[in-house]
1. Under a Cβ-only charge scheme (Lys and Arg +1, Asp and Glu -1), can you give me the dipole magnitude of chain B about the Cα centre, in debye to the nearest 20?
2. Of the GluC sites (Glu not before Pro) in the stretch B:106-139, which ones lie in a loop per DSSP and count no more than 16 other C-beta atoms within 10 Å?
3. Near A:His205, within a Cβ-to-Cβ distance under 13 Å, what is the net charge of the other residues, with Lys and Arg +1 and Asp and Glu -1?
4. For the Cα atoms of chain A, what angle does the longest principal axis make with the long axis of helix A:212-224, in degrees from 0 to 90, nearest 10?
5. Given R₀ = 45 Å, what would the calculated FRET efficiency be for A:Glu391 paired with A:His159, taking r from the Cβ atoms and rounding to 0.05?
6. Which Rg and Dmax, in Å, describe the Cα atoms of the stretch B:178-260?
7. Checking buried surface per residue: for the stretch B:262-287, which residues lose a minimum of 50 Å² accessible area in the protein assembly relative to the chain alone (1.4 Å probe)?
8. Using the Cα centre of the protein assembly as shown as origin and beta-carbon charges of +1 (Lys, Arg) and -1 (Asp, Glu), tell me which of B:Gln24, B:Ala206, A:Leu136 is placed farthest towards the positive end of the dipole.
Amino acid sequence: MTPMDLAPDNRDQLLDAVLAPVRAAGAAGRAVLSCADDWEVSLASGNVEAVEASRSQGISLRVFFDDGRSASASCNDLSDDALARLAADCVALAAAGAADQWNGLPDPSACGLSPVDGLSDDLEGYDRDQALATALEADRIARADKRIIATHRGGVGCHLGYWQMRSTDGIDLSSGGSRYQLGVLAVAQDGDERQTGWDMTSGRHHRNLRGPEELAATAIRRATESFGWKQAPSGPCPIIFDNRLAAEFVGLVGSLASGQAVYRSSTCWGDSMGEQVCASGVTIIDDPGIPGGSGSRPCDGEGVRSQRLTVVENGVLQTWMTDSYAARRLGVALTGHSGGTSNLSLQPGELDRAAMLAELGTGLLVTGLHGWGVDTASGQWSRGAQGFWVENGEIAYPVQEVTLAGRMQDMFRGIRAIGNDPHPEGRTRSPSLLIDGLTLGGS
Amino acid sequence: MPPRHPAPIDRDLAEQAIAAGLAQGADFAEVFNEYSILRSLSYEEGKVKSSSVNVSQGIAVRAVVGESQGLAFCETGRPEDVLAAARSAAAIATAGVPQCTSLPLEDVQVGERYIIEQPLSAVEVAQRIALAERLHGHAMTLDPQVAWVSASLVDSERWFQVAASDGTWAEDYQPMVRGGLSVLLQDGARRERGYKMFGLRSDYGAFERHSPEFLAEEAVRLARFRMDAEPCPAGTMPVVLAAGGAGVLVHEAVGHGLEADFNRKGVSAYSGRLRETVASELVSIVDEGVTRGERGALNIDDEGTPVGETELIDQGVLRGYLTDKLSARLMDLPASGSGRRESYQSLPIPRMRITRMKGGQDDPEAIIKSVDKGLYAVNFGGGSVDISKGDYNFEVTEAYLIEGGKITRPVRGATLVGNGPETLCRVTAVGHDEKIDLNAGTCGKDGQGAPVSFGTPTFKVSELVVGGEG
């Protein structure tokens, strides 16, 4: 089944039905039809907890008057009446809006589809019974370990999506994609102590997913490696983020370098274009063209053609990531980032885990982060943490119930070493990172 | 009189869908017909910045056999599509023939916990713009370092009908008004933000009870606090938590751990502990949906179960879990009316509503005086919990050092972490000043957001880990 197969036969009429009243009101607009087919099975301790399967559709509309007054609307009822109401309501809301010289459809010459391969495997060779059996196998292997008392929140899922975008200025684009996931979460017990560990694999091609043995082994390892934990001593200490947490950290760049955040003065990088925002040697790239990449896309949410962008080169901030509003307002290049980053990655270095630990010396190897105390305007970064205390390059004991606090500006400039181990999946990727400048709160 | 569901289904179709849901051998089937409208407005730089309306509808059929559930939905109201969804959901059972029939559908009596005098759809956009302008305009005047103000108003109306093979026939109309703002102060290269939002099951009369001017003053005050405060020190220390907002600790440390789905599967830190002492005898906690107009208030849950007050912990002893119909049946527990679903696209699961620690006997000022060296935590951000361990965390956005029993220096950027059962046993003082926090909290669980409220009196925990840069 291809993404196109989800598209209703009357999609052209639907999109025209929504845009006609917009034109009649003397406004410009962009309508997007989305269609999806979703299947998900969730498992707990060998039982099928839930099977969820459905098709969904919807249309969203953005309307602009010449002076920039604008509004948005959406609905998932595709009947004539509902679409007429959608257009009328959106036009009325836009008419009541405020003029804004930077608001409008993007320049049509910037719009189109950049070539990108592998967005969908068309569910080729995908068999739901087989996929469920694989998920049950990961679950069974995890529970076969005597230390594991239960599994839950694991399972398997498959999503196929199609979208078509049409604007009053003649832009007409469509694309689609597939996405699969498989995961297992295990709960381990040792005496009075309980820990959890999970692993998940996801991607656009089901044949590339990692297998049940690897998932179960990683979940078991994570669930059992922290027994006998202690708190670590309070005070400043260098840390290593493992590759998953480093990727989450690098993901902040999507907000820090966002054109929308810059004009609102809500990024602590707002005054730092062309400056050293990261340690030298740090290069961060957003690449929407990676074949089969989870974040790959031929265009952004406004239909602006995608392009590869070096955001940070050797530590120096190169560019903002913009949508059409921010690009006009700031007078900078339109980069096709309406909706956020695509495949964002921090380029790997040379150091393996042993070398990273040696470089760390004494500090915390962080394998888990909790909480929300992060603000890209002030740069505040304050979270609960867990991991392993390292002494003189050797792992000493597992650590939990500690906090880490610092400022992101200092953390990005404090990247002292870069690992060679980027996580192979996900829209945002990074190798492990050794970072100075954080304070640990513990005992 | 609440407005009627814009696209209702009749009893006939509901009964047919239920029968189709039971056809393969399920022991329970349910139809859920939802229609929702979300209206959103943001106001910045002295004008409307964005404005939207989103309408969503769907009819979901759920079939349950043992511990397994099948869910399928359609987004048209056409009977053939509803029945197709029912057949898809029914396939969770494999007996091939029905094992039970539906009870006759009977109306569920629904409370009146929402404050609706003027229907939300009757509010003119000009009226909403005027409110947003007040929020924004007042904030702009309050501090010379105000660099950006973003005011927002979001209102939603959600209708649902639910019919099930246990004889449930219920419907509700659920309004929510959410409003507030974020303010950014700038001093050279330093930027700090403050937020104040509320969400209430009310019409726009909520702004007469909590004025835009008050919200603006709070947001600016919190941004100014962060600008002027020192970094919080890091270490383990006693913490006094101020009434209201400290409910985030109760929500994270205890609330999630008492949701029955985790306990049924034996994965919560509170599993198998009913009737045991899990907290200091000063601690009593309830989860209720009855306090009128609150964000977490509910007439019925999304399964049609009437909502009341559920006792969770009474003087330190664990008395109950939060159940949906599935957990209640499998665990042989009372149905607490805690089955909530984000929309027709998801399954109901046990969720919190208004989670409250009950007031005690102590004088809040005396509680502070009792601490020699510690922290007074007054305003809070979000948090999270690992329910298997019971380890939780949350952000503190306004706090002060306590030195020699006195509140001294303001400190910022604190994260508190702890273990739920341990923290509850370390509650050594509980004030008499219980209050529900005014906020717009959305709880996330299994990818589903649910609007919730919480509240506490002032209370003291003898030892918590405090994280900060200082």
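The values are calculated or read from the model by the stated rules, or taken from the named source; none is laboratory data. Bear in mind the structure is a predicted one, so any value in this text is a computation, not a measurement. Cβ coordinates were reconstructed from backbone atoms using ideal geometry, including for glycine residues, and neighbour counts include every protein chain displayed. Just the protein is used for accessible areas: all its heavy atoms, side chains included, with ligands, DNA and RNA removed. Shrake-Rupley method; radii C 1.70, N 1.55, O 1.52, S 1.80 Å.
1. Working: 47 positive and 66 negative charges, 168 e Å.
The dipole magnitude comes to about 800 debye.
2. Working: sites: B:Glu106, B:Glu112, B:Glu117, B:Glu124, B:Glu133; in loops: B:Glu112, B:Glu117, B:Glu124.
Filter output for the stretch B:106-139: B:Glu112, B:Glu117, B:Glu124.
3. On the way: positive: A:Arg179, A:Arg204, A:Arg207, A:Arg210; negative: A:Asp117, A:Asp121, A:Asp122, A:Glu124, A:Glu425.
My count for the surroundings of A:His205 gives -1.
4. Orientation of helix A:212-224: about 60 degrees from the principal axis.
5. Numbers: r = 45 Å, r/R0 = 1.01.
The value I calculate is 0.50.
6. 16.5, 51
7. B:Lys265, B:Val267
8. Highest projection toward the positive end goes to B:Ala206.
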